[in-house]
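Student: Quick one: this structure, given as structure tokens, is what I'll be asking you about.
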Ligand code: ADP
Ligand code: MG
């Protein structure tokens, strides 16, 4: 397995006043391997979202380095950074922002079109043409169970469906990683489970996934859980790959979401007792 993302001594400081600085990230060293499914937990205000926004280049780090796909983020121009985010990263948030006057399908393919137009003339990555992008979008909508919503506008979709739209949109340019900040935070537990099953499937398909969550049920489906406190990653737990709980699973263990006989409940308990030890 090779390294997809690495931070070294990553620091983020907010200057609040002349003599008032807030050190939100403190010397964070983090490595994410290609194909991993990582979650970040920790108390509110510990710096989870800040970490996410600094490693994806949405926010500017104060000190240290973030290497993504062998590129140092702080050395990229704004243009290079936004191209990198568009082509190599996908994002899902608690609430998805969509354009009201576009259909759901068009919302999904929009960033695909953008990537297509920007990449024209560059031979870096294979350029997907519009037909390919559209086909990809339809396939993603089928996979996430929202194919019938393609022509609808967004007011006709539920919260769970909108989050599926978000996953499709995040995947449209076949990114190397998907970042999520509490992507299931606004959903009921059934929709949350469904979204996590989808993300676990996306990860099994090879895409790296990194989520911030406060929900044990969410983190229990990830492979490695990082625990943040006061701007530092203070502990991590290797859970092992979650085998999924899909109805079309091809064997017993898959159908029951278990690995070596371990149920999802047992995974959650394993994680909970670790968090308890950490005083969370
Ligand atoms: P978490 O996601 O773990 O709840 P955050 O990363 O959102 O935590 O925030 C970590 C700390 O940084 C908090 O104390 C928060 O108030 C502070 N913070 C976040 N963004 C800003 C900002 N733009 N300016 C000043 N302080 C901020
Ligand atoms: Mg947060």
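Nothing in this text is a laboratory measurement; each read-out follows from the coordinates by a stated rule. Model, not experiment: these values are computed from the prediction. When we count neighbours, we look across all protein chains shown, and the Cβ atoms used for this are built from the backbone with ideal geometry, even at glycine.
Student: Taking just the C-alpha trace of the range 199-243, give me its Rg and Dmax in Å.
Tutor: Using the Cα atoms of the range 199-243, the pair Rg, Dmax is 11.1, 34 Å.
Student: Could I ask something else about it? Rank by packing, highest mean first: peptides 60-67, 212-219, with packing defined as the count of other Cβ atoms within 10 Å averaged across residues.
Tutor: 212-219, 60-67
Student: In whole percent, what relative contact order does the range 1-140 give with Cα contacts below 8 Å and a gap of six or more residues?
Tutor: Numbers: 156 pairs, mean separation 28.3, N = 140.
Contact order relative to length: 20 percent.
Student: Right, next: If we sort 158-170, 77-89 on the protection proxy, mean other Cβ atoms within 10 Å, highest first, what's the order? The partial results should precede the final answer.
Tutor: Details: 158-170: 22.3, 77-89: 15.9.
The densest-packed peptide leads the list: 158-170, 77-89.
Student: One quarter of the convex hull surface, Cα atoms only: what value does that give for the range 48-186 in nm²?
Tutor: Working: hull surface 35.5 nm².
The directionally averaged projection comes out at 8.9 nm².
Student: Sticking with this structure for a sec: Tally the DSSP beta bridges in the chain and give the antiparallel ones as a percent, rounded to 5.
Tutor: So the antiparallel bridges amount to about 60 percent of the total.
Student: Okay, next question. What FRET efficiency comes out for residue 204 versus residue 18 if R0 is 51 angstrom and r is the Cβ-Cβ distance? Round to the nearest 0.05. Could you put the intermediate results ahead of the total?
Tutor: Working: r = 51 Å, r/R0 = 1.00.
About 0.50, to the nearest 0.05.
Student: Mind grabbing the base-10 log of I(q)/I(0) for the chain at q = 0.07, 0.15 Å⁻¹? Debye formula, identical points on the C-alpha positions, no solvent, two decimal places.
Tutor: Each listed q corresponds, in turn, to -0.26, -1.20.
Student: Take each of the peptides 22-29, 1-8, 196-203, average the number of other beta-carbon atoms within 10 Å over its residues, and list them starting from the highest.
Tutor: On the way: 22-29: 17.2, 1-8: 15.8, 196-203: 20.9.
Output ranking for 22-29, 1-8, 196-203: 196-203, 22-29, 1-8.
Student: Would you calculate a helix-derived [θ] at 222 nm for the chain, using -39,500 (n - 2.57) for each DSSP H run of n ≥ 4 and dividing by the full residue count, to the nearest 500? Each step should come with its number before you reach the end.
Tutor: Working: 9 runs with 100 residues, N = 280.
The per-residue figure over the chain is -11000 deg cm²/dmol.
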